[in-house]
1. Rounding to the nearest 10 and keeping the result within 0 to 90°, find how far the Cα-based axis of helix 157-168 lies from the longest principal axis of the chain.
2. Ratio to report: Rg/Rh of region 129-250, with Cα atoms as the point set and Rh obtained by the Kirkwood method; give two decimals.
3. What's the FRET efficiency of Arg304 with Ser200 using the Cβ-Cβ distance as r and R₀ = 45 Å, to the nearest 0.05?
4. Taking just the alpha-carbon atoms of the chain, what radius of gyration and Dmax come out, in angstrom?
5. Taking 8 Å as the Cα distance limit and 6 or more residues as the minimum spacing, I'd like the relative contact order of region 1-74 as a percentage.
6. Using the Cα centre of region 95-153 as origin and beta-carbon charges of +1 (Lys, Arg) and -1 (Asp, Glu), tell me which of Ala119, Gly146, Leu100 is placed farthest towards the positive end of the dipole.
7. Name the residues whose placed amide hydrogens come within less than 5 Å of the amide hydrogen of His66, ignoring near sequence neighbours (fewer than 5 apart) on the same chain.
8. Please state the charge dipole magnitude for the chain, taken about the Cα centre, from unit charges on C-beta atoms (+1 on K and R, -1 on D and E), reported in debye and rounded to the nearest 20.
Amino acid sequence: MKAIVVADQAAGTAGMRLTERPVPEPAGNDVLVEIHASGFTPGELDWDTTWTDRLGRDRTPSVPGHELAGVVCALGYGTRGLSVGQRVFGLADWTRDGTLAEYAAVEARNLSPLPGDVAFTVGASLPISGLTAWQGLFVHGRLRVGQSALVHGAAGGVGSMVTQLARAAGAYVIGTGRAGDRQAALDLGAHEFVDLEDDSLADVGAVDLVFDSFGGEIQKRSADLIRAGGTLVTIAGPPEARPADGLAIDFVVEADRGQLSEIAQRVRDGRLRTLIGNVASLDDAVAAFNPTERVKGKTIIRVRP
Ligand SMILES: NC(=O)c1ccc[n+]([C@@H]2O[C@H](COP(=O)([O-])OP(=O)(O)OC[C@H]3O[C@@H](n4cnc5c(N)ncnc54)[C@H](OP(=O)(O)O)[C@@H]3O)[C@@H](O)[C@H]2O)c1
């Protein structure tokens, strides 16, 4: 099969190359997926799991990419819940070869059925941003109707999902970002927007939840805004600040079939939209991940036309 591989962490995305690899074998409880569309997060080249297996052994050259949408083409021993020919989408395992390839072997529990009216390119854009937003708001942040949420990077990949889901859940949403993101954040459902380069965060007043993706000074100033019993949820690593009378939680996104299914249903209904910036073929993937101009939105690889 055709696959993109990386072998040198220092080379970054410029070190990606297109090559031939054997089709992976589905292990117990796996499915083998014929990939139709695939997503890649540039940050994953900084993760140890991109370069090693679960025991920390070198596994380079490795296939990056963890988001996928495709069709199940074989089942491993004991696999239940998905069947051959089924459209699926989800999150591939962190420590195994990933999704920038024509096939990937993935634990079945990490995938969810993809409705026939949701395009593969859309399905592949959802798992990381959608699940991160869902888990941060509802699992870790315990957001409830009528609460207020300060959402950093509200027009970005994760933030755009957080903004839409929080608004739909009945929260009062204050989005943040750069001046140029104001309209996008408001269009996604933010009630207010704070330009982090010009406005003062202190003017926001008290909030129940902060969804942080930056860390550092912005996180520290945000923690001070959290009212008693509120939560700082961060996806930027261990919290550097804590609310005076509340919780600070950091987490790494996990696959969850039920949550993927909720996300797909919202996309289907038109209640949730995803920001795709560029769609490229697998042959053009290396160039697409090394753009000469800045692309807003996620780059998706259409592996099969
Ligand atoms: N823990 C987890 O499970 C998890 C999961 C997903 C993502 N992450 C991490 O979360 C972060 C965000 O991911 P993402 O995919 O949402 O990234 P993204 O699409 O680049 O979104 C970030 C948004 O924040 C804006 N922004 C960044 N720095 C800013 C600043 N100083 N002031 C104002 N606006 C700023 C960006 O604007 P510009 O585009 O103009 O810079 C962009 O709109 C990344 O570090 C990623 O690695 C963690």
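1. The angle comes out at about 60 degrees.
2. Working: Rg = 12.3 Å, Rh = 13.5 Å.
My calculation of the ratio gives 0.91.
3. Values: r = 49 Å, r/R0 = 1.10.
Approximately 0.35, to the nearest 0.05.
4. Reported Rg and Dmax, both Å: 19.4, 57.
5. Working: 108 pairs, mean separation 28.0, N = 74.
38 percent.
6. The one lying farthest along the dipole's positive direction is Gly146.
7. Excluding prolines and chain starts, which carry no amide H, the hits are Gly39, Thr41, Thr99.
8. On the way: 29 positive and 38 negative charges, 159 e Å.
Using only the charged Cβ atoms, the result is roughly 760 debye.
The values are calculated or read from the model by the stated rules, or taken from the named source; none is laboratory data. Fair warning: this is a prediction, and the values are worked out from it, not measured in the lab. Cβ sites come from the backbone with ideal geometry, for glycine too, and all protein chains shown count toward neighbours. Protein only, heavy atoms only, side chains kept; ligands, DNA and RNA dropped before computing areas. Shrake-Rupley method; radii C 1.70, N 1.55, O 1.52, S 1.80 Å.
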